[in-house]
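Q: Structure incoming, see below.
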Amino acid sequence: MKKFILMLIMMLLLPVFADTFPYYTNAIPKDAIGVYQTGDTLTIFSHPEANSNVLRKFDLSYNPETMPDGLFGVLINERKLGFIYVSDIGDDGWVEIIYDKKTGAKGWVMTEDRFQFMPWLNFYNMYGRKYGLKILKDAPDSVDILHSKSDDLSQSVAKINYAKSIKLTKISGNWALVSVFDLDKTPKMGFIRWRGDDGKIYIFPNVK
């Protein structure tokens, strides 16, 4: 009993790191077309109109103990950096977000500037180039193969074994040109599939 109480006290004293990152492919909805960067507040409407019904409203403190579950695709509380998956775009700066990843519930938010919504190409070019890429844990084995061109039938030039870093050079459709520094300290370069033809994402920017 004393051991259990001691363990419970230790768990309560540990710092809470309720950050969010997609580690598995099914964590990213296939219909997501990019991400929306959150601010201090978030008001979600039923339609892309300011006079439509308000579905949810959040005051975002970026305190790990009070942040909502199921909302963020990527969340780093310490940096007050949060991204929500976007499934559609409307007129006049409106975007449709997936505000509940468990149920797939969607609603509309208004962007405050042109950088708040980032299509995948922009998001990968900004954060993938800065921090590199991370292969999701259940990505198919074929993702580890580097190709000479952005084509499944192109020549295989190398295989990723245990990547220490994957640096993005450019995005070309569902392929990314990358340079890889592997555990064997051998630099490798080639095209890798970051997304399947069905929209499933295999590789994600290693946002920090």
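Q: Mind checking which residues of region 47-64 are farther than 18 Å from Trp94 by Cα and loosely packed, with under 12 Cβ neighbours inside 10 Å?
A: Asp59, Asn63
Q: Restricting to region 173-187, name every residue that is farther than 14 Å from Gly132 by Cβ and modelled with pLDDT of 95 or more.
A: Gly173, Asn174, Trp175
Q: For Asn63, work out the one condition from (1) touching a residue at least 24 places away in the same chain (Cβ under 8 Å); (2) more than 19 Å from Pro119 (Cβ to Cβ) it doesn't fulfil.
A: Answer for Asn63: the failing condition is (1).
Q: Please enumerate the residues belonging to region 26-73 that are in contact with a Pro (Cβ under 9 Å, 6 or more places away or on another chain) and among the small types (Gly, Ala, Ser).
A: Gly34, Gly73, listed by residue number.
Q: Follow-up question, since we're still on this one. Restricting attention to region 95-107, which residues are within 19 Å of Val54 (Cα to Cα) and part of a loop (DSSP other than H, G, I, E, B)?
A: Scanning region 95-107 gives Lys101, Thr103, Gly104.
Q: Do any residues in region 169-185 that are in a loop (DSSP other than H, G, I, E, B) have Cβ atoms under 9 Å from those of residues that are among the charged types (D, E, K, R), where the two are at least six apart or on different chains, and which pairs are they?
A: What qualifies is Gly173/Arg195; Asn174/Arg193; Asn174/Arg195; Asn174/Asp197; Leu183/Lys164; Lys185/Lys164.
The values are calculated or read from the model by the stated rules, or taken from the named source; none is laboratory data. Keep in mind that what you see is a predicted model, and the values were worked out from it rather than measured. Cβ coordinates were reconstructed from backbone atoms using ideal geometry, including for glycine residues, and neighbour counts include every protein chain displayed.
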